[in-house]
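S.K.: The structure that follows is given in the form of structure tokens.
The values are calculated or read from the model by the stated rules, or taken from the named source; none is laboratory data. Computed from a prediction, not measured in an experiment: that's the story for all the values here. Positions of Cβ are backbone-derived with ideal geometry, glycine not excepted, and every protein chain shown enters the neighbour counts.
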Amino acid sequence: MKLVFASSNKNKIAEIKAMLPSGIEVVGLEEIGCFEEIPETADTIAGNAKLKADYVTRHFGYDCFSDDSGLEVDALDGAPGVYSARYAGAAKDSDANMDKLLAELHGNENRGAQFKTVIALNLNGEQHLFEGIARGTIAEAKQGNQGFGYDPVFVPEGKTLTFAQIPMQEKAAMSHRGIAFSKLVAHLKK
Ligand code: ITT
């Protein structure tokens, strides 16, 4: 089975490809000739996941799945959440986003947070949603250089290292994206 992954985030595509079971092939947007930035105008993570999948199905005619993710911080009432990519401005600069987050939480002992992913699958005229949540805490400073986005400041529950300090395969086994994607795979295998 060949599925289009409606994402232009190279790190996400690499993570998803590293989790693929045999029998499923995934192609990114560039491989179907889609180079435009898909508008993400919904005010929820699930809403943006639906928008991205529907855009590809409507404009390119493919069955596909999308991933929308965000970091929800307890002490900030769930912010930056759906606005994670642009938390520090339109430039989508991960370092600036993390610096803003660390400044907001400076001196705050409540460091609880979660990453959330919603995957929307468009298949045979139906849409299905799969959610994955990874709980953890926000570190006091950035650590590690693997992964992407907020990985250097996120310490998953039960660990002492950030997502940016562990190999991609290990992150996949416990991450929001890994959990949502394993639900998608289980659905496809049904
Ligand atoms: P798409 O093309 O898939 O839309 P995107 O980079 O716009 O890619 P999202 O809107 O889903 O992705 O993600 C919002 C932001 O959340 C993203 O830019 C990262 O900063 C952050 N993020 C998402 N998943 C992450 C992860 O696994 N680790 C760290 N940060 C993550």
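S.K.: State yes or no: is residue 181 surrounded by 19 or more Cβ atoms within 10 Å (Cβ to Cβ) and in contact with a Lys or Arg (Cβ under 9 Å, 6 or more places away or on another chain)?
M.R.: Numbers: surrounded by 19 or more Cβ atoms within 10 Å (Cβ to Cβ): yes; in contact with a Lys or Arg (Cβ under 9 Å, 6 or more places away or on another chain): no.
So residue 181 does not fit the description; no.
S.K.: Is it fair to say residue 178 is modelled with pLDDT of 95 or more and within 11 Å of the ligand (Cβ to nearest atom)?
M.R.: For residue 178, the condition - modelled with pLDDT of 95 or more and within 11 Å of the ligand (Cβ to nearest atom) - is met.
S.K.: Sticking with this one: Just for region 96-108: of the residues that are out of contact with any helix residue (DSSP H, G or I) (no Cβ under 9 Å at 6 or more places or on another chain) and closer than 18 Å to residue 145 by Cβ, which one is surrounded by the most Cβ atoms within 10 Å (Cβ to Cβ)? Please lay out each step first, then the result.
M.R.: Filtering region 96-108 down to residues out of contact with any helix residue (DSSP H, G or I) (no Cβ under 9 Å at 6 or more places or on another chain) leaves 96, 99-100, 103, 106-107.
Then keep just the ones that are closer than 18 Å to residue 145 by Cβ; that gives 96, 99.
Working: 96: 13, 99: 15.
So the residue we want is 99.
S.K.: Can you name the residue in region 12-23 that is loosely packed, with under 15 Cβ neighbours inside 10 Å and either among the aliphatic types (A, V, I, L, M) or within 12 Å of the ligand (Cβ to nearest atom) (or both) and, of all such residues, is farthest from residue 182 (Cα to Cα)? First the steps, then the outcome.
M.R.: Taking region 12-23 and keeping what is loosely packed, with under 15 Cβ neighbours inside 10 Å, we get 14, 17-18, 20-23.
Still in the list and also either among the aliphatic types (A, V, I, L, M) or within 12 Å of the ligand (Cβ to nearest atom) (or both): 14, 18, 20.
Details: 14: 15, 18: 12, 20: 9 Å.
Going through the qualifying residues, I end up with 14.
S.K.: Taking only pairs six or more apart or across chains, which ones have beta-carbon atoms under 6 Å, a first residue in region 2-19 that is closer than 15 Å to residue 49 by Cβ, and a second residue that is in a loop (DSSP other than H, G, I, E, B) and within 8 Å of the ligand (Cβ to nearest atom)?
M.R.: 8/29
S.K.: With respect to residue 84, is the statement that it is surrounded by 15 or more Cβ atoms within 10 Å (Cβ to Cβ), assigned to a helix (DSSP H, G or I) and small (Gly, Ala, Ser) true?
M.R.: Numbers: surrounded by 15 or more Cβ atoms within 10 Å (Cβ to Cβ): yes; assigned to a helix (DSSP H, G or I): yes; small (Gly, Ala, Ser): yes.
Taking the combined requirement at face value, the residue satisfies it.
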